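Visitor: Dropping the structure in here first, questions after.
Computed from the coordinates by the stated procedures, all read-outs in this text should not be read as laboratory data. Values in this document were obtained by computation on a predicted structure and should not be read as measured data. Cβ coordinates were reconstructed from backbone atoms using ideal geometry, including for glycine residues, and neighbour counts include every protein chain displayed.
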Amino acid sequence: MSAPWIVIASVIAIALLYILLPLIADTFFRFRGKKLLRCPVTGERAVVDVDARRAAISSAFGRVLLKARSCSLWPERKGCAQDCVHLPEIERRG
């Protein structure tokens, strides 16, 4: 009677291994490291370190959540909206 549950659990485990894990890894490697971006508020160039771990984990649940861990324009602009990480240019540079 427990054999169907083992099969279902195995299918779920395989799906996680072959579908979800590559998605998470791809997102992590795309956003890790420092990126040279233009601040949409000031227009200055800034070196931004994106939180790749958060982006990778959130990609497993749908939408990728991007947040800056550090920025060369901080501490003066520390409370900014971090719009730079949502620009298309961060996707292209990956």
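Visitor: Compute the convex hull volume of the Cα atoms of the range 3-93, divide it by the residue count, and report the result per residue in Å³ as a whole number.
Guide: Details: hull volume 8.5 nm³, N = 91.
It is 94 Å³ per residue.
Visitor: Within the range 7-94, list the GluC sites (Glu not before Pro) lying in a DSSP loop whose Cβ has at most 15 other Cβ atoms in a 10 Å radius.
Guide: Values: sites: GLU44, GLU76, GLU89, GLU91; in loops: GLU44, GLU76.
Within the range 7-94, the qualifying GluC sites (Glu not before Pro) (loop, at most 15 other Cβ atoms within 10 Å) are GLU44, GLU76.
Visitor: Select from the chain those trypsin sites (Lys or Arg not before Pro) which occupy a DSSP coil region and have at most 15 other Cβ atoms within 10 Å, ordered by residue number. Please list the in-between numbers first.
Guide: Details: sites: ARG30, ARG32, LYS34, LYS35, ARG38, ARG45, ARG53, ARG54, ARG63, LYS67, ARG69, ARG77, LYS78, ARG92, ARG93; in loops: ARG32, ARG63, LYS67, ARG77, LYS78.
Hits after loop and neighbour filter: ARG63, LYS67, LYS78.
Visitor: What helices in the chain pass both tests, a Cα length along the helix axis of 15 Å or more and a mean Kyte hydropathy of -1.0 or higher, using whole DSSP H runs?
Guide: 3-15, 21-31
Visitor: Return the single residue from ALA68, ALA56, ALA15 with maximal mean-square fluctuation; model: Gaussian network over the chain, springs between Cα atoms under 10 Å.
Guide: ALA15
Visitor: May I ask you to derive the relative contact order of the chain, considering only C-alpha pairs under 8 Å and at least 6 residues apart, and to give it as an integer percent?
Guide: On the way: 109 pairs, mean separation 23.3, N = 94.
Result for the chain is 25 percent.
Visitor: Which one, LEU65, ILE12, GLN82, projects farthest toward the positive side of the charge dipole computed for the chain from Cβ point charges (K/R +1, D/E -1)?
Guide: It is GLN82.
Visitor: Simple spin-label model, 7 Å along Cα-to-Cβ: LEU16 to TRP74 in nm?
Guide: 3.2 nm
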